Structure formats: C-alpha cells, structure tokens
1. Counting only residues that are under 25 Å from VAL202 (Cβ atoms) and out of contact with any helix residue (DSSP H, G or I) (no Cβ under 7 Å at 6 or more places or on another chain), which one in region 52-72 is modelled with the highest pLDDT?
2. Tell me which residues, restricted to region 194-237, are more than 16 Å from PHE248 (Cα to Cα) and aromatic (Phe, Trp, Tyr).
3. Which of the residues belonging to region 274-303 are assigned to a loop (DSSP other than H, G, I, E, B) and free of Cβ contacts under 8 Å to residues at least 40 places away in the same chain?
4. Give THR164, THR194, THR177 a once-over and let me know the one that is in contact with a helix residue (DSSP H, G or I) (Cβ under 7 Å, 6 or more places away or on another chain) and polar (S, T, N, Q).
5. Output the strands (runs of 3 or more DSSP E) that fall wholly within region 156-245 and possess 2 or more residues being within 16 Å of ligand 2 (Cβ to nearest atom) and surrounded by 24 or more Cβ atoms within 10 Å (Cβ to Cβ), or say none.
6. Go through (1) farther than 25 Å from ALA369 by Cβ; (2) within 16 Å of ligand 1 (Cβ to nearest atom) and name the single condition THR50 misses.
7. In the set ILE95, ILE89, which member is part of a helix (DSSP H, G or I) and surrounded by fewer than 21 Cβ atoms within 10 Å (Cβ to Cβ)?
8. How many residues are more than 9 Å from ligand 1 (Cβ to nearest atom) and closer than 18 Å to ILE273 by Cα if we restrict to region 201-223?
Amino acid sequence: MRKLIPWWICAEAVGDEAGITKESCVRKKHTALVVVSITILGIDTSCDETAAAVVVDGREVLSNVVASQIKVHQEYGGVVPELASRKHIEAINYIVNKSLNEAAVTFDDVDAIAVTNRPGLIGALLVGVAAAKSLAYCHNLPLLGINHIEGHIYANYMVHDTLTFPHICLTVSGGHTLLVEVHEGWKYKVLGTTQDDAAGEVYDKVAKYLGLGFPGGRIIDELAQKGNPTAIDFPRPMLRSGDYQFSFSGVKTSVRYFVEKAERAGAMENGEICIEDIAASFQAAVVDVLVAKTVHAAKTTDARTITLTGGVAANSQLRASLKDAAEEIDADVYYPPINLCTDNGAMIAGIAYEKYQQGLRDGLSLNAAANGSIVDI
Ligand code: KG4
Ligand code: ZN
C-alpha cells in the first residue's frame, strides 16, 4: 500500500526509514508518496485446491481461503487432471473475491498479484495464471509468476521469526520430495529429490491398496498411531545410498505385494495381520528414510536448523521423529501450522513479497509450466 503524505508530516510519519529527512521535505514542500507496506494477492491452482490469500509484507496473513476438490476426486482414488481444471474454473472468481472480502481489502489496496505458474498440473495451473493475468491487466497491477515449491519452502518463514539461514528444508507433498539448503535472499542449493514417486503420492497409493480412501496421508497417519511400526519389515530404499536422493516406489510395491498375499491367505480377515500394523510399518519405513537423509544433510552442511513443509509435513510421526533425531545433533526443527503445510495461497503471496522486493515482475506473457525445478545456486 502506498500513501500520499504531505511534506509537513511525512518526516515525522515515516522518518529515516523511508529515507526522507525533515530538511528535504521542508525544502521541497512536496507530498511524499511513501510505500508503507506491500499487500499481495496470492493465487494457487497447481493441483486440487483453489486457493487465494492476501498477505502484507510476506508474513501478515489477512486471509487464506482454500476450496478443496477432494470430494470430486475421491471416487476416482486420485486427482483427475481434467476435473481439477474444470473445478478451478468454477471456483476461482469466488475464491479470489472471498479472499479480498475476508481481508477487508479491495484491489485498490493490493500492490501486486502473485500466481503459481509452475510446477503442477498444466490445465490446473493455467486457470490460476489466466485469472491472475486478467486481474493484473484490469487493475493495472504488477504480476509475479511463482514456483509452487518455493512457496512451500517459504511457509515456515511466515510463522517463525527466529528462522535463520542457511537452513535445510525438506519439502514433502503429493507431488514433491525435495531436500534443499536455503540461503539468505531465498537462494537454494538442491541436495536431492525423489527418483520416482513423491512421499505423499506413496501414502495415497498405499491407502488405495488398503481400501482407505483418498487422500490417504492423514488416514494412514491416524491408523499408524494404533499399530506396531516393527510388525512388518518393509524396505527403506536408498537409506544407505550416501547421497540425498530418495526412492519410494519400492516400498509402495512391497506393501502392495504384502497386502495381496495377506488377502489371499485370509490373514487380514482372520485377524492375523491388522491394517494398523501395516500402516505403522509402512509409515516407519518412509519416515526413517526422510529423517535420516534430512538430519545427515544438516550434519554435513553445518546448518543447525531444519524446516519441514508440504502436505506430508502434517504427519505426526515425521514431525516427532525428525525432532528427536535433530535434537541429537543439536539442530532446531520448524514446521508450519497445517493450513500452511498443505497447498494454500498465503505461501505464494509470502514468497512473492521477497521476489517483489528483488525486482521480479512478469508481463502478461507469463505462461504455466508442468515442470519447474527451483533455481539452484
Ligand atoms: O502439499 P499438498 O497439499 O499438495 C501437493 O502439493 O501435493 O500435499 C498433499 C499430500 C497428499 O499426498 C496427502 O496424502 C499428504 O499430503 N498428507 C499427509 C498427511 N496429510 C496430508 N501425508 C502423511 N501424513 C499426513 N498427516
Ligand atoms: Zn504443494
């Protein structure tokens, strides 16, 4: 937000912070156009959530509205891209207006529009990008295209004042598993990523094999709390690979074969094997690998802070195990509240504030891209 301040009060009002001295004001007898804060409307339609938020100066969340499409995709056991795009089209105007209303602002108060333009489902991304472009054009506002993963990484910074750089960030969601070193100025060194399925994707597929519904992460998390994590010894892929790469398709297949065999033998029906133990053992395998690699990264890079983000960061076992393991190397662990872990517009508006300050502006030729790794330093 910019404010016009008359010369006789601007020095007192904004002082040295805005680089205005009383002397210069008096001399020029001007009104000062002073930027008092930057308000950004952030839009995300990268997957199955239509999200919009209004955030001031990267951290003050005035509104954060999310319309979930879960019910639409549930009957198919996963996100159907074409349906996702259609639902975004139906919801986008309403959700943007709702985010402005809840924030009690109008477009006159907004300084820039930020939109996730990569990576994600291309048809879904295009809806957000088209909406953001139209709004930026109509209201003559700058437009910023944002990488969805950078939004997830930024989420912790929005709520933890004490977060320092460099830190190690583990992003785990339905579409991504990424370990990065985060440096001052929002520069990243990518340490490793998944070679096949993302962590959340595996949770969702295992939930499907177990007939638990979609999305499966939270359901498995809850069941696992009642099960024995050592009941079944599922593989820990790439645990000792000596690098920061991940692979989860092997554990997924192991669970599938295990469940099929148990069903054939009637072991599930007769109570010999319970679903809670399968959930807990599967979860232990995934969490063990994620925690070991993340803590190893913190140890070897001397970063004493770890952040966890993305939908799977909501996982209770992952949070607890990472905290315990980090304590052993004297590192702090931060994670955002659940509404900032899963997809949302606030994290997009948040990182956009940093990019805005760095001078990023995209024109109306901004396009969407299904892929888009973060820029490595
Ligand atoms: O970040 P997100 O909302 O969307 C993507 O960018 O993908 O993440 C969604 C993923 C889903 O795979 C969901 O099953 C998983 O996060 N998830 C969880 C939990 N809550 C959500 N996975 C494990 N434990 C949870 N408590
Ligand atoms: Zn996400």
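1. At the first step, the residues of region 52-72 found to be under 25 Å from VAL202 (Cβ atoms) are 66, 68-72.
From the residues that got through so far, the ones that are out of contact with any helix residue (DSSP H, G or I) (no Cβ under 7 Å at 6 or more places or on another chain) too are 66, 68, 70-71.
Numbers: VAL66: 98, SER68: 95, ILE70: 92, LYS71: 92.
The extreme case among them is VAL66.
2. PHE214
3. Filtering region 274-303 for residues assigned to a loop (DSSP other than H, G, I, E, B) gives 274, 302-303.
Listed by number, the list holds a single entry, ASP302.
4. Values: THR164 fails: in contact with a helix residue (DSSP H, G or I) (Cβ under 7 Å, 6 or more places away or on another chain); THR194 fails: in contact with a helix residue (DSSP H, G or I) (Cβ under 7 Å, 6 or more places away or on another chain).
So the residue among THR164, THR194, THR177 that is in contact with a helix residue (DSSP H, G or I) (Cβ under 7 Å, 6 or more places away or on another chain) and polar (S, T, N, Q) is THR177.
5. Working: elements: 167-172, 177-183, 187-193.
Output list reads 167-172, 177-183.
6. (1)
7. Values: ILE95 fails: surrounded by fewer than 21 Cβ atoms within 10 Å (Cβ to Cβ).
Criteria check complete, one pass: ILE89.
8. Let us first name the residues in region 201-223 that are more than 9 Å from ligand 1 (Cβ to nearest atom), namely 205-206, 208-213, 223.
Narrowing the set further to residues that are closer than 18 Å to ILE273 by Cα leaves 206, 208-212, 223.
Within region 201-223, residues that are more than 9 Å from ligand 1 (Cβ to nearest atom) and closer than 18 Å to ILE273 by Cα number 7.
The values are calculated or read from the model by the stated rules, or taken from the named source; none is laboratory data. Given the structure is predicted, the values throughout are model-derived calculations rather than measurements. Using ideal geometry, Cβ is built from the backbone for each residue, glycine included, and neighbour counts are taken over all protein chains shown.
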